[in-house]
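One structure below.
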Amino acid sequence: MIKSSELILNPDGSVYHLNLKPEHIAHDIIFVGDQNRVEKITQFFDRIEFSTQKREFKTQTGIYKGKRITVMSTGIGPDNIDITMNELDALVNIDFETRQPKEKLTVLNIVRIGTSGSLQENIPVDSFVMGEFGLGLDNMLRSYVIDAICETAMEDAFIKHTNWDIRKGKPCVIACSETLKNKFDSELIHKGITGTAGGFYGPQGRVLRLAIQDPELNSKMDNFNFNGIRMANLEMETSAIYGLGKLMGHHCLSLNAIIANRANGTFSANPYKAVDALIQYALGKLVE
């Protein structure tokens, strides 16, 4: 039996942070970081069945062209993804009455729709990126037993190429779901490695008043090439989603609208338009 201190439920029986019960979620789930982006997606739904919010976790479930879909804001960062993924999995794969894992497990399809900065000059602002791999520069996933799901050859090549300081923890590389990759792929999509940083400033090479451990890390990542696969973009969630999803048996994919190009210093003239276009693209692929 899973102890009350490990799986925390609210007095109404909902899971602690997300404030959800099992019947509140669909098996097709869209993640966004920003709670205000939830309704930018569900405005296109035929109807909304359920809506709730606790802290930064806002959830709406409804019907889009006959398919039941949940849209959920995760907030920013791998730590928030740890909460979101564990509680979502608990909703479908743990019996809250017996506090035991279910014998028959449910597989979720989880698609992140985010915004990001490109690391390559040939991935322009307003384009879309699919993360074929999530490269975790943070250390969250190392709390779990992940060796069996890691792309170790790519990890080792990245560590060598960047002369990575192992005191920051060992980077991990996790592949996306092949099922969702094939479903969402098209000539409109740029593909590559999505880097996941544990913060927005120093961990992504931004300098305000504080010196950072490796000022050249971004340029090293720009030049990283593993068997023709290059770093495409840098954000704060993808590797955590991929790693926990793979451990739990869920299908996960990360799509990003590129609103900045770090390589040439440009920023989208209309980032909202780029995000709206990616939303329409993703919804279309989900119901195909």
Exercise for the section: Give the residues of segment 221-240 that are surrounded by fewer than 24 Cβ atoms within 10 Å (Cβ to Cβ) and acidic (Asp, Glu), sorted by residue number. Expected result: ASP222
Problem - Verdict on PHE128 being touching a His at 6+ places or on another chain (Cβ under 9 Å), open to solvent by 10 Å² or more (accessible area, probe 1.4 Å) and either over 22 Å from PHE184 (Cβ atoms) or among the hydrophobic types (A, V, I, L, M, F, W, C) (or both) - result: yes
Problem - Yes/no for GLY243 being open to solvent by less than 40 Å² (accessible area, probe 1.4 Å) and in a helix (DSSP H, G or I) - result: yes
Fill in the blank from the handout: Across (1) open to solvent by 10 Å² or more (accessible area, probe 1.4 Å); (2) under 30 Å from PHE267 (Cβ atoms), LEU135 clears everything bar (1)
Exercise for the section: Scan (1) farther than 20 Å from ILE146 by Cα; (2) open to solvent by less than 70 Å² (accessible area, probe 1.4 Å); (3) modelled with pLDDT of 95 or more for the single condition ALA197 breaks and write down its number. Expected result: (1)
Problem - Any pair with Cβ under 8 angstrom, 6 or more apart, that starts in segment 146-171 at a residue that is open to solvent by less than 70 Å² (accessible area, probe 1.4 Å) and ends at one that is among the aliphatic types (A, V, I, L, M) and part of a helix (DSSP H, G or I) - result: ILE146/LEU247; ILE149/LEU247; ILE159/ILE166; THR162/LEU217; THR162/MET221; PRO171/ILE159
Handout entry: Filter result for ASP185 (farther than 30 Å from SER73 by Cβ and either at pLDDT 95 or above or open to solvent by 10 Å² or more (accessible area, probe 1.4 Å) (or both))
Key = no
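Confirm whether ALA263 is outside any helix (DSSP H, G or I), in contact (Cβ under 8 Å) with a residue 24 or more places away in the chain, closer than 19 Å to LYS191 by Cα and out of contact with any strand residue (DSSP E or B) (no Cβ under 6 Å at 6 or more places or on another chain). Reasoning before the result, please.
On the way: outside any helix (DSSP H, G or I): yes; in contact (Cβ under 8 Å) with a residue 24 or more places away in the chain: yes; closer than 19 Å to LYS191 by Cα: yes; out of contact with any strand residue (DSSP E or B) (no Cβ under 6 Å at 6 or more places or on another chain): yes.
Yes.
The values are calculated or read from the model by the stated rules, or taken from the named source; none is laboratory data. As the structure is a computational prediction, the values presented were derived from the model and not from experiment. Please note: Cβ atoms are built from the backbone with ideal geometry, for glycine as well, and neighbour counts cover all protein chains shown. Surface areas here come from the heavy atoms of the whole protein model, side chains and all, with no ligands, DNA or RNA. Shrake-Rupley method; radii C 1.70, N 1.55, O 1.52, S 1.80 Å.
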